[in-house]
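**Student:** Quick one: this structure, given as structure tokens, is what I'll be asking you about.
The values are calculated or read from the model by the stated rules, or taken from the named source; none is laboratory data. Note that this is a predicted model, so its numbers are computed, not measured. Note that each Cβ is placed from the backbone with ideal geometry, even for glycine, and that neighbours are counted across all protein chains shown.
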Amino acid sequence: MQATEFEFKYRLWIGFAIYIIGFWAPWSRYSGAIFPASSTWLELSGELSRLFPLDTATVIVTLTAIFLAALGTFLRVWGTAYIGGSVVQSKRMHAQGVLAVGPYRYLRNPLYFGSFLFLLAMAVLMPPSGAIFAVVVTGVQLTRVILREENFLAAQQGEVYLAYKSRVPRFFPSPMPRLPKAPLLAHWAQAFPAESFQLTMTACFAIFAWRYNAQLLIQALLVCFGISLVVRAVAVKPA
């Protein structure tokens with residue numbers, strides 16, 4: 001079930017393609033439906049309005065999305081500060097040592113978990129069927145990539161990695177650190193450029209979400225992604 005070499009090498013672009021298909025939802029857009037596809041944001045607010053006034057329901061959905069985006073971004077920046085932006089973007093796997101500091105004391109895959117939380121936030125802008133597609137397919141993709149990395153690390157690091165693997169959970173963070181604190185310092189200045197897409201998009205979401213305009217936020221997402229490509233190309237050295 002692990003990812004192929006191609007899947008790992010182009011994991012970032014495969015993830016971007018999943019986003020595109022989720023927003024596009026061609027099976028819904030070209031199905032001949034009389035009404036255009038709605039956004040998950042609107043549909044969730046409508047469902048929640050059975051329990052709360054519509055205005056309150058919309059605020060709850062919006063705050064939840066902002067929280068998920070912020071939490072996912074924080075995990076990615078925190079993890080990248082220790083592992084390095086060049087490694088995050090590298091097309092090959094690295095096994096110089098077992099990283100057991102920062103978020104890696106709570107969770108083996110904070111970057112992928114952060115990516116998934118961030119996707120959950122962005123999925124509210126997609127049509128409902130597109131959101132379901134993106135969440136399910138991304139879950140499968142990330143699981144396959146994680147399994148490939150784990151098998152590689154186990155082969156390269158042996159018992160050292162297996163001991164780490166047995167103590168720290170794979171998907172969901174432990175409420176308490178599972179390993180003692182290590183002296184390795186975080187390099188935050190290197191993490192910010194590498195995670196510029198999540199950082200800028202989370203800021204845009206928090207600022208513009210209150211206009212309740214999904215199309216505006218989709219445009220912001222595209223702009224933020226374009227900016228991040230430039231920033232990473234300039235500021236992040238390849239590994």
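**Student:** Go over the candidates PRO238, PRO169 one by one and state the one that is touching a residue at least 40 places away in the same chain (Cβ under 8 Å), closer than 20 Å to GLN89 by Cβ and not in a helix (DSSP H, G or I).
**Tutor:** From the options PRO238, PRO169, the qualifying one is PRO238.
**Student:** Another question about this same structure. Answer with yes or no whether ALA33 is surrounded by 19 or more Cβ atoms within 10 Å (Cβ to Cβ), among the aliphatic types (A, V, I, L, M) and either at pLDDT 95 or above or outside any helix (DSSP H, G or I) (or both).
**Tutor:** Considered against the rule, which asks whether it is surrounded by 19 or more Cβ atoms within 10 Å (Cβ to Cβ), among the aliphatic types (A, V, I, L, M) and either at pLDDT 95 or above or outside any helix (DSSP H, G or I) (or both), ALA33 comes out as no.
**Student:** Which is farther than 20 Å from SER45 by Cβ and out of contact with any Phe, Trp or Tyr (no Cβ under 8 Å at 6 or more places or on another chain), of GLN219, GLN215? Working first, answer last.
**Tutor:** On the way: GLN215 fails: farther than 20 Å from SER45 by Cβ.
None of the other options fit; the residue is GLN219.
**Student:** Could you tell me whether LEU147 is in contact with a helix residue (DSSP H, G or I) (Cβ under 7 Å, 6 or more places away or on another chain), surrounded by fewer than 17 Cβ atoms within 10 Å (Cβ to Cβ) and more than 29 Å from VAL230 (Cα to Cα)?
**Tutor:** no
**Student:** When the range 102-142 is examined, which residues are found to be closer than 23 Å to LEU199 by Cβ, of a type in the set (Gly, Ala, Ser) and at pLDDT below 95?
**Tutor:** GLY102, the sole residue that qualifies.
**Student:** Next question. Which ones in the range 1-30 are assigned to a helix (DSSP H, G or I) and more than 16 Å from PHE225 (Cβ to Cβ)? Spell out how you get there, then give the answer.
**Tutor:** First pass over the range 1-30, keeping only residues assigned to a helix (DSSP H, G or I): 5-9, 11-24, 26-29.
GLU5, PHE6, GLU7, PHE8, LYS9, PRO26, TRP27, SER28, ARG29, listed by residue number.
**Student:** Output the number of residues of the range 192-217 satisfying the condition of being surrounded by 15 or more Cβ atoms within 10 Å (Cβ to Cβ), out of contact with any Gly (no Cβ under 6 Å at 6 or more places or on another chain) and closer than 19 Å to PHE118 by Cβ.
**Tutor:** Summing the residues that are surrounded by 15 or more Cβ atoms within 10 Å (Cβ to Cβ), out of contact with any Gly (no Cβ under 6 Å at 6 or more places or on another chain) and closer than 19 Å to PHE118 by Cβ in the range 192-217 gives 17.
**Student:** Residues that are free of Cβ contacts under 8 Å to residues at least 60 places away in the same chain: find the helices (runs of 4 or more DSSP H) completely inside the range 47-158 holding 2 or more of those. Don't jump to the end; show me each part of the working.
**Tutor:** Details: elements: 54-83, 85-89, 110-122, 128-157.
By residue number, 54-83, 110-122, 128-157.
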